[in-house]
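Beneath this line is the structure, given in structure tokens, with notes to follow.
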Amino acid sequence: MAVSSAIRARRLLTLFGVGGAVVVADQWTKNLVLSAAEAGQLPFHLIPGVLDVRLVFNTGAAFSIGAGGGATLLFTVLAVLICVGIGLWFWFDEELPLAAIFGLSAVAGGGIGNMIDRVVSGQVTDFLATTFVDFPVFNVADIAVTCGVAVSLAVILLSSRRDGQAR
């Protein structure tokens with residue numbers, strides 16, 4: 001059974017809608033933090049004992065992998081390829097569950113949010129710092145990528161497991 005044009009259109013609208021919302025939220029929060037830094041208002045406790053706002057610039061990928069190595073072009077190309085791959089997956093996979101579509105759309109939006117930083121300034125703006133555990137500083141795009149991957153994997157694995165039991 002081929003994927004209908006209407007289904008493809010809804011999937012791509014979801015991709016652009018959810019992904020676009022993530023990009024807007026990510027860039028907006030980064031601009032707020034940069035403005036607060038210019039005004040001398042950083043760092044501060046967002047949720048005391050749990051989460052602080054502290055400005056950090058990351059030239060690498062997650063957990064500063066590849067930092068300082070001039071990997072901006074590589075990470076930019078990788079983000080574009082992942083977004084194109086997600087779009088093609090939406091276009092051709094007729095069995096892709098709706099929750100996975102939302103999750104993968106969040107992944108694409110997060111990738112684009114951080115890609116914008118890399119292209120514009122050669123580094124990603126991170127600002128959320130956990131205080132209850134030692135963890136790298138992160139941003140809204142990172143949250144979207146992490147949650148999107150987790151949701152998508154869970155949904156895809158559960159649906160494939162259900163399909164295997166139905167046979």
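The values are calculated or read from the model by the stated rules, or taken from the named source; none is laboratory data. Worth saying up front: this structure is predicted, and the values here are computed from it rather than measured. All Cβ positions, even for glycine, are placed from backbone atoms using ideal geometry, and neighbour counts span all protein chains on display.
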Next on the checklist: Just checking, does the stretch 150-162 include any residue being within 15 Å of Thr29 (Cα to Cα) and either in contact (Cβ under 8 Å) with a residue 12 or more places away in the chain or not in a helix (DSSP H, G or I) (or both)?
Outcome noted: no
Checklist outcome for this item: Conditions (1) surrounded by 11 or more Cβ atoms within 10 Å (Cβ to Cβ); (2) of a type outside the set (A, V, I, L, M, F, W, C); (3) at pLDDT 95 or above -> Pro48 fails only (1)
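Being more than 17 Å from the chain's Cα centre (by Cα), at pLDDT below 95 and either surrounded by 14 or more Cβ atoms within 10 Å (Cβ to Cβ) or part of a helix (DSSP H, G or I) (or both): is that true of Leu32 here?
Details: more than 17 Å from the chain's Cα centre (by Cα): yes; at pLDDT below 95: no; either surrounded by 14 or more Cβ atoms within 10 Å (Cβ to Cβ) or part of a helix (DSSP H, G or I) (or both): yes.
It is false that Leu32 is more than 17 Å from the chain's Cα centre (by Cα), at pLDDT below 95 and either surrounded by 14 or more Cβ atoms within 10 Å (Cβ to Cβ) or part of a helix (DSSP H, G or I) (or both).
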Checklist outcome for this item: Taking the stretch 124-141 and keeping residues of a type outside the set (Gly, Ala, Ser) and buried (at least 16 other Cβ atoms within 10 Å of the Cβ) leaves Val124, Thr125, Asp126, Phe127, Leu128, Val137, Phe138, Asn139, Val140
Next on the checklist: Based on this model, can you work out whether Gly69 counts as at pLDDT below 90, more than 24 Å from Leu34 (Cβ to Cβ) and either crowded, with 16+ Cβ neighbours inside 10 Å or not aromatic (Phe, Trp, Tyr) (or both)?
Outcome noted: yes
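Does Val119 satisfy being assigned to a helix (DSSP H, G or I), at pLDDT 95 or above and of a type outside the set (Phe, Trp, Tyr)? Lay out the reasoning, then the answer.
Numbers: assigned to a helix (DSSP H, G or I): yes; at pLDDT 95 or above: no; of a type outside the set (Phe, Trp, Tyr): yes.
The answer is no for Val119.
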Item to check | Considering residues of the stretch 73-94 that are under 14 Å from the mean Cα position of the chain (by Cα) and among the β-branched types (Val, Ile, Thr) only, the residue surrounded by the most Cβ atoms within 10 Å (Cβ to Cβ) | outcome: Ile86
